[in-house]
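A.B. asks: Let me give you the structure first, and then I'll get to my questions.
The values are calculated or read from the model by the stated rules, or taken from the named source; none is laboratory data. Just so we're clear, the structure is a prediction, and the values are computed from it rather than from any experiment. Here the Cβ positions follow ideal geometry from the backbone for every residue, glycine too, while neighbour counts run over all protein chains shown. With ligands, DNA and RNA removed, areas are computed over all heavy atoms of the protein, side chains included. Shrake-Rupley method; radii C 1.70, N 1.55, O 1.52, S 1.80 Å.
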Amino acid sequence: GKYWFSCSLVIAYLNISTTNYFQMLLYKNGSVYRTLGIIDPKAFDAEPTYFTISGSCAMDMAGSDTADIRIYQSLGTAQADVQTVSTFSGFLIG
């Protein structure tokens, strides 16, 4: 069936000086299905304590398929932290 997936990640401690971008990706069965959001931290004047990146999309899935969200950071110090208030949900739409 077709499923709707939605994700909102709250990220703390973004490194704006050396990181090129942060990307939120939806994976289907271990492979990238779609980019749900991307941010350029260099757009900020100062490192934000928290930043939310959100996105959603529809995806066809079979009974054995899996879906998960991953975040990718291009370069920079690995100091970003996904907070527990983040959400990921999916439901059948047809």
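A.B. asks: Identify, please: which residue in the stretch 75-89 is outside any strand (DSSP E or B) and open to solvent by 50 Å² or more (accessible area, probe 1.4 Å) and is, among those, farthest from Gly1 (Cα to Cα)?
C.D. replies: Thr77
A.B. asks: Select, from Tyr72, Tyr13, the only residue that is surrounded by fewer than 17 Cβ atoms within 10 Å (Cβ to Cβ), farther than 23 Å from Ile93 by Cα, within 14 Å of the chain's Cα centre (by Cα) and of a type in the set (Phe, Trp, Tyr).
C.D. replies: When all the criteria are applied, what remains is Tyr72.
A.B. asks: Hey, does the stretch 58-66 have a residue that's β-branched (Val, Ile, Thr) and under 25 Å from Thr77 (Cα atoms)?
C.D. replies: No, that holds for no residue.
A.B. asks: Quick one: count up the residues across the stretch 47-64 that are in a loop (DSSP other than H, G, I, E, B) and open to solvent by less than 40 Å² (accessible area, probe 1.4 Å).
C.D. replies: Number satisfying all stated conditions: 2.
A.B. asks: While we're here: Could you figure out which of (1) touching a residue at least 40 places away in the same chain (Cβ under 8 Å); (2) within 14 Å of the chain's Cα centre (by Cα); (3) closer than 15 Å to Ser6 by Cβ isn't true of Ala58?
C.D. replies: Every condition holds for Ala58 apart from (2).
A.B. asks: Continuing with this model, one more query. In the stretch 17-33, which residues are open to solvent by 30 Å² or more (accessible area, probe 1.4 Å) and either among the polar types (S, T, N, Q) or part of a loop (DSSP other than H, G, I, E, B) (or both)?
C.D. replies: Ser17, Thr18, Asn20, Gln23, Asn29, Gly30, Ser31
A.B. asks: Return yes or no: is Gly94 on the phi < 0 side of the Ramachandran plot and at pLDDT below 95?
C.D. replies: no
A.B. asks: Restricting to the stretch 34-46, and then to whatever is out of contact with any Gly (no Cβ under 6 Å at 6 or more places or on another chain) and within 18 Å of Tyr3 (Cα to Cα), can you tell me which residue is most open to solvent (accessible area, probe 1.4 Å)?
C.D. replies: Arg34
A.B. asks: Open to solvent by less than 40 Å² (accessible area, probe 1.4 Å), polar (S, T, N, Q) and assigned to a strand (DSSP E or B): does that describe Ser8?
C.D. replies: yes
A.B. asks: Something else about it: What's the number of the only condition in (1) over 13 Å from Phe88 (Cα atoms); (2) not in a loop (DSSP other than H, G, I, E, B) that Leu36 fails to meet?
C.D. replies: All conditions pass for Leu36, except number (1).
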